[in-house]
Structure formats: C-alpha cells, structure tokens
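This report concerns only the one structure given below.
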C-alpha cells in the first residue's frame with residue numbers, strides 16, 4: 001500500500017512532510033493526502049518520490065525490502081557468546097549444584113531449596129538454550145520470518161512466560177495461603193499435573209526451551 005510505505009520511507013529518510021513537499025515542489029497537504037490514502041500519486045510522481053527518498057519505486061508500491069542477510073553478523077556472534085556463557089553456567093549448576101542441593105535435602109529434609117532451583121533457575125537455563133540454538137543457527141542461515149509468523153513466535157514466547165509466572169503464583173499461594181482462595185478449585189487440577197514428573201519437565205524444560213527459541217525468532221527482522 002503506497003500510503004503506508006510512503007510514510008515509512010519518508011521517516012527512514014528523515015524527511016518531514018513539509019521537507020518532502022518542498023523537495024517535490026508540491027504542497028504539504030498533497031503529501032499528507034498520499035500518506036492517508038485520500039489520493040494516489042501518479043507514475044511520474046512515484047518516480048520523483050523514489051528519487052527524493054533514495055529508494056526503488058517497487059519499495060513505494062510493495063514495501064521496503066528487508067536488510068540483506070549477512071553470515072557471521074556481529075549481533076549473532078554477540079548473542080551466541082552471551083547465551084553460550086549463560087548455558088555453560090547453567091550446565092555447571094546442573095552438574096555440581098543440583099547434586100549438592102539434593103544431598104543436603106536428604107540430610108536436612110529441606111526439599112524446598114532443590115525445588116526452588118527447579119522452578120526458578122532451570123526454566124531460565126532452558127530458555128537460554130532455546131535462544132542459543134536459534135542464535136547459533138543464524139550465524140550460517142537466514143532464519144528471519146515474515147511479519148505474521150514473527151508475531152506468532154513473539155506471542156508464543158510471552159505466553160510461555162505468562163504460564164511460568166502463573167505456575168509460580170499458584171505454587172506460592174498453595175504453600176503460604178492460610179485458606180484456599182475461591183479460584184483454587186479451578187487451578188488445583190492444573191497445578192497437580194505440573195507437580196507430577198512429566199508436568200514439571202514440561203513447565204521447567206520443554207516450554208522454556210521452545211519459548212526462548214520463539215522469542216529469538218520473533219525478535220529477528
């Protein structure tokens with residue numbers, strides 16, 4: 001749509017409507033009408049607009065082209081290094097910290113500390129692993145998605161985060177609330193499922209991993 005594309009390209013070129021109108025020797029109202037879709041520029045005007053904005057006519061008609069993909073781009077290297085360091089730290093915790101916490105729990109009968117690690121640290125570690133997978137693959141392949149799939153990936157990632165926060169909320173209510181709240185009968189079956197071994201693995205491992213990968217894909221333009 002020319003109206004929307006013209007507005008985007010004008011702002012990309014750092015032109016105000018007045019400045020663009022002056023460059024084309026038209027009124028500001030004419031530029032405003034083009035951008036609001038009240039009227040469409042003719043072919044000659046499109047050519048003048050593309051020259052003034054430093055773009056192709058096809059960009060005015062079909063939209064700006066995405067930046068070309070470059071292998072080993074700096075942002076992918078940085079993200080791979082940062083997420084890789086976080087994943088290495090997480091794996092170190094899994095190898096040394098978790099056995100220590102479990103051993104302490106057998107001595108002190110305090111099972112909450114291993115469980116706190118499981119519901120707080122482990123999801124972050126698996127989310128970092130999901131993001132690391134996409135960041136590392138992006139060093140070699142163009143994984144950027146069109147707008148609609150990108151929005152779906154972002155929404156999926158945020159949905160995973162909300163589900164995790166909801167689980168934490170229900171968990172702490174179940175432990176510290178003196179009496180069961182009115183909505184507990186609705187959430188208790190869901191909570192009991194997530195407290196089982198398969199459910200805990202879903203909420204702390206698989207969902208965060210997929211959520212981290214989805215958020216990274218959604219952020220790529």
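The values are calculated or read from the model by the stated rules, or taken from the named source; none is laboratory data. Note that the coordinates shown come from a computational prediction; the quantities given were computed from them, not determined experimentally. Quick reminder, even Gly has a Cβ in these numbers, built from the backbone with ideal geometry, and neighbours come from all protein chains shown.
The set of residues in the range 109-124 that are free of Cβ contacts under 8 Å to residues at least 60 places away in the same chain and closer than 11 Å to residue 94 by Cβ comprises 117, 121. The listed residues are 5, 33, and the only one of them that is part of a helix (DSSP H, G or I), on the phi < 0 side of the Ramachandran plot and at pLDDT below 85 turns out to be 5. Of the listed requirements (1) in a helix (DSSP H, G or I); (2) closer than 12 Å to residue 6 by Cα, residue 40 misses just one: (1). For the range 80-118, enumerate the residues that are within 27 Å of the chain's Cα centre (by Cα), surrounded by 17 or more Cβ atoms within 10 Å (Cβ to Cβ) and within 19 Å of residue 195 (Cα to Cα). Residues satisfying the conditions are 117, 118. Cβ separations smaller than 6 Å between residues 6+ apart or across chains give the following pairs from the range 69-84 residues that are closer than 19 Å to residue 145 by Cα to residues that are in a loop (DSSP other than H, G, I, E, B): 69/142; 72/139; 76/139.
When 43, 26 are screened for being surrounded by 14 or more Cβ atoms within 10 Å (Cβ to Cβ) and at negative phi, only 26 passes. If you filter the range 49-66 down to residues that are surrounded by fewer than 16 Cβ atoms within 10 Å (Cβ to Cβ) and assigned to a helix (DSSP H, G or I), you find that the one that is modelled with the highest pLDDT is 51. Counting only helices (runs of 4 or more DSSP H) that sit completely within the range 157-221, zero hold 3 or more residues that are at pLDDT below 90 and not assigned by TED's automatic domain parsing to the domain that holds residue 90.
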